[in-house]
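Q: Structure in structure tokens, see below.
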Amino acid sequence: MSWFVLVLSGILEAVWATALGRSEGFTRLGPSAVFAGALAASMAGLAWAMRDLPVGTAYAVWVGIGAVLTVAYAMATGDELVSALKIVFLLMIIGGVLGLKLTH
């Protein structure tokens, strides 16, 4: 269950990071509210998962999921350019996250 919560929290990290960018310095109410809610839920989930998982592993997986999804979403929406090297490096992050899970 801890791994499920951790993955969900990583997804929420991508949500709050994207909302933060769209809040335009907290001047837009909707994205600012999404940011605050997703941040609180993401941190709560990370903290909950850390009750059973090592801190270093949990944090690395959480950040990795959030980073990959944030960049992938930005590329899908055209906010960030797609390149073969970016995809290779994102795959390396995914490989690291999977490696951490498999060696736990």
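Q: With the Cα gyration tensor of the chain giving a ≥ b ≥ c as the square roots of its eigenvalues, does the rule (a/c under 1.5 for rounded; else a/b larger than b/c for prolate; else oblate) give rounded, prolate or oblate?
A: Details: a/c = 3.25, a/b = 1.18, b/c = 2.76.
Taking the square roots of the gyration eigenvalues as a ≥ b ≥ c, the chain is oblate.
Q: I've got another one for you. Could you work out the relative contact order of the chain? I mean the mean sequence separation of Cα pairs under 8 Å and 6+ apart, divided by the number of residues, in percent. Could the numbers behind the result be given before it?
A: Working: 104 pairs, mean separation 33.1, N = 104.
It rounds to 32 percent for the chain.
Q: Which residue fluctuates the most in the chain, going by a Gaussian network model with Cα springs under 10 Å, if the choices are L69, L91, L12?
A: Comparing L69, L91, L12 in a Gaussian network model of the chain, the most mobile one is L91.
Q: With only Lys, Arg, Asp and Glu charged, each at its Cβ (+1 for the first two, -1 for the last two), find how big the charge dipole of the chain is about the Cα centre; round to the nearest 20 debye.
A: Working: 5 positive and 5 negative charges, 19 e Å.
Once rounded to the nearest 20, the dipole reads 100 debye.
Q: While we're on this one: With springs connecting C-alpha atoms under 10 Å apart, model the chain as a Gaussian network and identify which of G37, G66, G45 has the largest mean-square fluctuation.
A: G37
Q: Pulled fully out, how much extra length does the chain show between M75 and E24, if you take 0.36 nm times their separation in residues and subtract their Cα-Cα distance? Write out the running numbers ahead of the final one.
A: On the way: separation 51, 0.36 × 51 = 18.36 nm, distance 1.91 nm.
Stretched fully, the M75-E24 segment lengthens by 16.4 nm.
Any read-out appearing in this document is the output of simple, stated calculations on the displayed coordinates, not a laboratory observation. Predicted model, so just to flag it, every value in this text is computed and none were measured. In this analysis, Cβ positions are derived from the backbone assuming ideal geometry, glycine residues included, and neighbour counts consider all displayed protein chains.
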